[in-house]
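Engineer: Below: one structure in structure tokens.
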Amino acid sequence: MSDTYTYSRPNERAQGMARLLGWFSIALGAAELAAPGSIKTNVGTPGPKGLVQAYGLREIGAGIAILTSPKPVAMTWTRVAGDLLDIATLLPALSKDNPHRVGAEGAMAFVLLATAMDVYTAMQGDELS
């Protein structure tokens, strides 16, 4: 009977990307906390400024989770979940009667790009087999 051992090594490239996304989350969250009114006005999203600040706290939390986790790539899924919430929140701002629709379109493009990067990173896994 032979014993087989599976050895996996860290996926350093994906973990590096996850950590970069963690720092990005903290920076974005800080901006959302510092200037919620400006962000809300430029995008034309409905709801209170406090919602933008709550999303900022969520971003900071995701960043901290990624940076402190022994499996940062897996924690990138927290950003993906937040991205889906951001997309749902931005959809009403894309309405034709929003005078800030161009800003909303730019914000949506930004979120979709971030989502693509987050999903790509999260799917890489923390370990190579």
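Engineer: Can you give me the number of residues within region 42-75 that are among the charged types (D, E, K, R) and under 16 Å from the mean Cα position of the chain (by Cα)?
Structural biologist: 2
Engineer: Given the structure, is residue 98 assigned to a helix (DSSP H, G or I) and among the polar types (S, T, N, Q)?
Structural biologist: So residue 98 fails the test.
Engineer: Here is a further query. Please specify each residue of region 6-36 satisfying the condition of being within 21 Å of residue 91 (Cβ to Cβ) and not acidic (Asp, Glu).
Structural biologist: Within region 6-36, the subset within 21 Å of residue 91 (Cβ to Cβ) is 28, 32, 36.
Passing the criteria: 28, 36.
Engineer: Shifting gears a bit: Just checking, does region 28-39 include any residue being more than 25 Å from residue 127 (Cα to Cα), out of contact with any Phe, Trp or Tyr (no Cβ under 6 Å at 6 or more places or on another chain) and either in a loop (DSSP other than H, G, I, E, B) or β-branched (Val, Ile, Thr) (or both)?
Structural biologist: yes
Engineer: Can you name the residue in region 40-53 that is touching a residue at least 24 places away in the same chain (Cβ under 8 Å) and in a helix (DSSP H, G or I) and is also farthest from residue 109 (Cα to Cα) among such residues?
Structural biologist: Ranking the qualifying residues of region 40-53, first place goes to 51.
Engineer: Follow-up. Across region 107-129, what is the total count of residues that are in contact (Cβ under 8 Å) with a residue 24 or more places away in the chain and farther than 14 Å from residue 79 by Cα?
Structural biologist: Count: 7.
Engineer: Tell me the residue from 114, 93, 81, 107 that is among the small types (Gly, Ala, Ser) and surrounded by fewer than 19 Cβ atoms within 10 Å (Cβ to Cβ), please.
Structural biologist: Answer to the check: 81.
Engineer: Here's another thing I want to ask about it. If you check residue 14 against the conditions, is it surrounded by fewer than 18 Cβ atoms within 10 Å (Cβ to Cβ) and either out of contact with any Cys (no Cβ under 7 Å at 6 or more places or on another chain) or not in a helix (DSSP H, G or I) (or both)?
Structural biologist: On the way: surrounded by fewer than 18 Cβ atoms within 10 Å (Cβ to Cβ): no; either out of contact with any Cys (no Cβ under 7 Å at 6 or more places or on another chain) or not in a helix (DSSP H, G or I) (or both): yes.
For residue 14, the condition - surrounded by fewer than 18 Cβ atoms within 10 Å (Cβ to Cβ) and either out of contact with any Cys (no Cβ under 7 Å at 6 or more places or on another chain) or not in a helix (DSSP H, G or I) (or both) - is not met.
Engineer: Right, another one. Among residues belonging to region 59-78 that are in contact with an Asp or Glu (Cβ under 7 Å, 6 or more places away or on another chain) and among the hydrophobic types (A, V, I, L, M, F, W, C), point out the one that is surrounded by the most Cβ atoms within 10 Å (Cβ to Cβ).
Structural biologist: This residue is 73.
Throughout, read-outs are computed from the coordinates displayed, never taken from laboratory work. What you are looking at is a predicted structure, and each value in this text was computed from that prediction instead of being measured. Using ideal geometry, Cβ is built from the backbone for each residue, glycine included, and neighbour counts are taken over all protein chains shown.
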